[in-house]
1. Can you name the residue in segment 73-106 that is β-branched (Val, Ile, Thr) and open to solvent by less than 70 Å² (accessible area, probe 1.4 Å) and, of all such residues, is farthest from residue 36 (Cα to Cα)?
2. Quick check on this structure: which one of 46, 70 is of a type in the set (A, V, I, L, M) and either open to solvent by 60 Å² or more (accessible area, probe 1.4 Å) or touching a strand residue (DSSP E or B) at 6+ places or on another chain (Cβ under 8 Å) (or both)?
3. Only one of (1) under 28 Å from the mean Cα position of the chain (by Cα); (2) small (Gly, Ala, Ser); (3) within 30 Å of residue 35 (Cα to Cα) is not met by residue 54, so which one is it?
4. I'd like the full set of residues that are in contact with a helix residue (DSSP H, G or I) (Cβ under 7 Å, 6 or more places away or on another chain) and modelled with pLDDT under 90, limited to segment 1-42.
Amino acid sequence: GDFRTPTSGPRGEGETWGRVTMTKLAQWLWGLAILGSTWVALTTGALGLELPLSCQEVLWPLPAYLLVSAGCYALGTVGYRVATFHDCEDAARELQSQIQEARADLARRGLRF
């Protein structure tokens, strides 16, 4: 077979395997599909494995635990990004000067504010 190492996509949207470009959404969906099918195979006994009762008790609620963990991670990430948000004072001054220039230009053209 042709095994190639992944390279970055043309605009950084994902990994390129030969001619196929996978976006982050596609990568996440593939990962979820693999994890989900593994979970279903283990919980239904499709692989013919006899798991101990303690493993089965942990395996059944595992998707709920993962969902709660992902939600906590997302909430923590948003909170951290909000707490460490930096003001761009130079950009704000530049934008204010551009607004003043635009107002002056519009006033010269007869527009009243």
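1. Step one: list which residues in segment 73-106 are β-branched (Val, Ile, Thr), which gives 77-78, 82, 84, 99.
Right, trim to open to solvent by less than 70 Å² (accessible area, probe 1.4 Å) and you get 77, 84, 99.
Details: 77: 25, 84: 35, 99: 52 Å.
My answer is 99.
2. Details: 70 fails: either open to solvent by 60 Å² or more (accessible area, probe 1.4 Å) or touching a strand residue (DSSP E or B) at 6+ places or on another chain (Cβ under 8 Å) (or both).
Exactly one residue qualifies, and that residue is 46.
3. With (1) under 28 Å from the mean Cα position of the chain (by Cα); (2) small (Gly, Ala, Ser); (3) within 30 Å of residue 35 (Cα to Cα) applied to residue 54, the lone miss is (1).
4. Step one: list which residues in segment 1-42 are in contact with a helix residue (DSSP H, G or I) (Cβ under 7 Å, 6 or more places away or on another chain), which gives 14, 39, 42.
Hit for segment 1-42 is 14, nothing else.
The values are calculated or read from the model by the stated rules, or taken from the named source; none is laboratory data. If you're wondering where the values come from, they're calculated on a predicted model, not measured in any experiment. Virtual Cβ from ideal backbone geometry, glycine too; neighbours counted across all protein chains shown. To get the accessible areas, we keep the full protein, side chains included, count just its heavy atoms, and leave off ligands, DNA and RNA. Shrake-Rupley method; radii C 1.70, N 1.55, O 1.52, S 1.80 Å.
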